[in-house]
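Trainee: The structure's right below; bear with me while I get my questions together.
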Amino acid sequence: MSPSPHPGSGAPHATSTAPLSEKADTEHNEQAGSSVDSFRPIVTPHAREKYNPKDENAAEIDHIEDVTPLPEWWMSKFLPGYSPKRMLKFKNPRSYYWAINLLAGLAILFYGYDQGVMSQVNLNENYLKLMGIYPTTGNPRNLAALGGIVSVYYGGSLIGALVGGEIADRSGRITAIILGVMTSIVGAIFQTSAMNITWMCCARVVTGLGVGAIDAVIPVWSSEVSSHQARGSFLAIEFFLNIGGLALAYWIEIFTSFSSNQVMAWRTPIALQIVFLITILILIPFFPESPRYLAKVGRVDEARTVLAATRSGDVEGELHAIVRSVMHDRQNAKDNRYISMIFAKTKTQRELRWRVVLSVWLQIMQELVGIGVITVYAIDLIQGAGFSQSESKLLAGFNDISYMFCVLFAVFTLDRFGRRSTMVWGAVGMAIFLLAGGILDKYAQAAGPNQRAFGGAVVAMTFLYTGTFGATWLVTPWLYPTELFPTYVRAKGGAWSVVGWSIGNGIITMITPFLFQAIGYGVLLLLFGLNIFVIPFIIFMYPETSGRPLEQIDDFFSNSTSWNVFTASRQIRDQGFADHRWTRKYQGGFEHEFVQPETQDEEKDINRKEGFARRMKRNASNAGLL
């Protein structure tokens, strides 16, 4: 990172172009105390001469093949999983990159399709009568049942995420994905054949179990296989396909609604989920396991093979970083339990609880900003603005297509501008569009000569809102948890993220039908307030992870105690580390750069010389907002 203010600690520093000498490195380590491990330079072929050979961990890292294999979980022998003999071979890593990306994208596409498929099923008269909940308008009991059928799915996904995370840590990411897909196939079959509300609710829970496991593990697997400089764009492409699945489900249902057979009009879209799932089930056994999982269980040679297949150039530096992280993580293996991650007793467990809260709360905030309300109930929103049901269906369908293409902006911006600024400015933009949409919707719901014009403006604000969400908030809450957690609990960290997603979605989908009937245009104004509400949390609670190797994320949590990211950065600075500014995107590589920092007096002198506007710009840049 760039030079940063930090108090004189007496620790020698060098410029970024001149490595620390062995003596300086030793002095620095002595003054860093217990935090040495997390900031020790990583041994690479080009940096071996400056690494302290007397350090006991150095010897371990020099012989990474000697990592002791972990005992196999007793159930692993009965479960399908990864085999290096089956792994596909490509001529160059870039081809492998795209193959992994597309497979993960197909899984995420299924998730989008599954999430969107109920939006028009809920309007099918045959379906509503079969479920015993017709009509819904003006009937609180039927309205609650309609929301319940949708939201019970998220109860299943919550449990499925926790189970999937456990399996992913014990038997591997590939095994957890396979089991999640198989469970989803069973759930999709039962949904397609449902004959009453109890049957449908049970089928929705089973599907949720499978989807929860898939959603918890796929982002973790793809981020661990991808390069540290491309994790954001990697996941953004996958979520482009996710919204593609949402739009596909929507348009298939529009076309099937024209059929005279209204039974097949709702059963066919649900059944088509099975096509995606079977494709994933056939392909996933031929793809590589996470190199970080392989190193964790002692299969270092296999980890090297996967890295060589998915990276360009020498992979030993990254492999050493992974193994060093694994060796550190093994000391905390007892903390790899869900209950320890919540009811913390030790410092390490408190650090994990901190990460869990950040992950769960970020997913809940993603739902609070309103995307579930706008996408799932878009037809109701547009109808309320003065359009007919057929017009509302078409406009909502085009909104999904616009939403999908706006996700492509995240491919180019998420890694370039960082996670924090993307979410903050995204929330600002969405708040503006929701405020304007709410005010316009008030007039669009009143009959008059300008009703149609006001309604069109509401639709425009809806398009702009969903497009902004797709470009900023869709990907980040899924990417962030895959970066926060150390290897030994990363799958469980992904599971906690899905728990937050399930809680947020379950509550929103349950109460939204009542909100639209109770407060009308006030729904958009409520969402405006919630977008403003989340901004301070992003600015003050969430460290910037963009550009950092996953093995460096521990540095933030191990060397700070404050939940305020600015205070935490100062705590890291006060320990003598120049690389301390966790509010900005990291520009370094695998090794931490030790640069000559500014002193506090120098920083104050700079502030006195700068004008107000320049100082505000610099502070915004330091906060990661510019």
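Trainee: Farther than 15 Å from Tyr377 by Cα and polar (S, T, N, Q) - does that describe any residue in the stretch 131-140?
Mentor: The first filter runs over the stretch 131-140 and keeps only residues farther than 15 Å from Tyr377 by Cα, leaving 131-135, 138-140.
Cutting the leftovers down to polar (S, T, N, Q) gives us 139.
Yes, the conditions are met somewhere in the stretch 131-140.
Trainee: Next up: May I ask you to list the residues in the stretch 380-398 that are assigned to a helix (DSSP H, G or I) and either touching a strand residue (DSSP E or B) at 6+ places or on another chain (Cβ under 6 Å) or crowded, with 24+ Cβ neighbours inside 10 Å (or both)?
Mentor: Across the stretch 380-398, the qualifying residues are Leu381, Ile382, Ala396.
Trainee: Scan the helices (runs of 4 or more DSSP H) fully inside the stretch 118-192 and keep the ones with 2 or more residues being open to solvent by 20 Å² or more (accessible area, probe 1.4 Å) and of a type outside the set (Phe, Trp, Tyr). Quick ask: steps written out before the conclusion?
Mentor: Working: elements: 118-121, 125-131, 140-171, 173-192.
Result: 125-131, 140-171, 173-192.
Trainee: Something else now. Just a yes or no: is a residue in the stretch 329-351 among the aliphatic types (A, V, I, L, M) and under 14 Å from Glu224 (Cα atoms)?
Mentor: Residues of the stretch 329-351 that are among the aliphatic types (A, V, I, L, M), as a first pass: 333, 339, 341-342, 344.
Narrowing further to those that are under 14 Å from Glu224 (Cα atoms): none.
No - not one qualifying residue is present in the stretch 329-351.
Trainee: Right, another one. Does Thr468 meet the test of being more than 22 Å from Ala104 (Cβ to Cβ) and either in contact with a strand residue (DSSP E or B) (Cβ under 7 Å, 6 or more places away or on another chain) or of a type in the set (Ser, Thr, Tyr) (or both)?
Mentor: Numbers: more than 22 Å from Ala104 (Cβ to Cβ): yes; either in contact with a strand residue (DSSP E or B) (Cβ under 7 Å, 6 or more places away or on another chain) or of a type in the set (Ser, Thr, Tyr) (or both): yes.
Yes: the conditions hold for Thr468.
Trainee: Check Phe577 against each of (1) part of a loop (DSSP other than H, G, I, E, B); (2) touching a Phe, Trp or Tyr at 6+ places or on another chain (Cβ under 8 Å); (3) at pLDDT 80 or above and name the one condition it does not meet.
Mentor: (3)
Trainee: With Glu49, Glu72 as the choices, which residue is farther than 29 Å from Ser157 by Cα, open to solvent by 40 Å² or more (accessible area, probe 1.4 Å) and either at pLDDT below 85 or outside any helix (DSSP H, G or I) (or both)?
Mentor: Working: Glu72 fails: farther than 29 Å from Ser157 by Cα.
When all the criteria are applied, what remains is Glu49.
Trainee: Would you check which residues across the stretch 526-547 are touching a Lys or Arg at 6+ places or on another chain (Cβ under 9 Å) and either of a type outside the set (Val, Ile, Thr) or at positive phi (or both) and list them?
Mentor: Here is the first cut: in the stretch 526-547, the residues touching a Lys or Arg at 6+ places or on another chain (Cβ under 9 Å) are 538-539, 542-547.
Within the stretch 526-547, Tyr542, Pro543, Glu544, Ser546, Gly547 qualify.
Trainee: While we're on this one: How many residues does the stretch 529-543 hold that are in contact with a Gly (Cβ under 8 Å, 6 or more places away or on another chain) and crowded, with 22+ Cβ neighbours inside 10 Å? So that I can check it myself, show each step before the final result.
Mentor: Going residue by residue through the stretch 529-543, those that are in contact with a Gly (Cβ under 8 Å, 6 or more places away or on another chain) are 530-531.
Applying the additional criterion that residues be crowded, with 22+ Cβ neighbours inside 10 Å yields 531.
Adding up the residues that qualify gives 1.
Trainee: Go through (1) of a type in the set (A, V, I, L, M); (2) open to solvent by less than 10 Å² (accessible area, probe 1.4 Å); (3) modelled with pLDDT under 85 and name the single condition Ala333 misses.
Mentor: Of the numbered conditions (1) of a type in the set (A, V, I, L, M); (2) open to solvent by less than 10 Å² (accessible area, probe 1.4 Å); (3) modelled with pLDDT under 85, the odd one out for Ala333 is (2).
Trainee: Return the only residue of Leu525, Leu515 being open to solvent by 10 Å² or more (accessible area, probe 1.4 Å), touching a helix residue (DSSP H, G or I) at 6+ places or on another chain (Cβ under 8 Å) and farther than 25 Å from Arg204 by Cβ. Even if it seems obvious, please write down each step before you answer.
Mentor: Working: Leu515 fails: farther than 25 Å from Arg204 by Cβ.
Exactly one residue qualifies, and that residue is Leu525.
Trainee: Got at least one residue in the stretch 122-134 being in contact with a Phe, Trp or Tyr (Cβ under 9 Å, 6 or more places away or on another chain) and closer than 15 Å to Leu248 by Cβ?
Mentor: No.
Trainee: Counting just the residues of the stretch 552-564 that are open to solvent by 10 Å² or more (accessible area, probe 1.4 Å) and in contact (Cβ under 8 Å) with a residue 60 or more places away in the chain, which one comes out farthest from the chain's Cα centre (by Cα)?
Mentor: That would be Ser558.
Trainee: Please go through the stretch 340-363 and give me each residue that is part of a helix (DSSP H, G or I), open to solvent by 60 Å² or more (accessible area, probe 1.4 Å) and at pLDDT below 90, ordered by number.
Mentor: Across the stretch 340-363, the qualifying residue is only Lys347.
The values are calculated or read from the model by the stated rules, or taken from the named source; none is laboratory data. All values reported here derive from a predicted model rather than from experimental measurement. With ideal geometry, Cβ positions are generated from the backbone for all residues, glycine too; neighbour counts draw on all protein chains shown. Heavy atoms of the whole protein, side chains included, go into the accessibility calculation; ligands, DNA and RNA do not. Shrake-Rupley method; radii C 1.70, N 1.55, O 1.52, S 1.80 Å.
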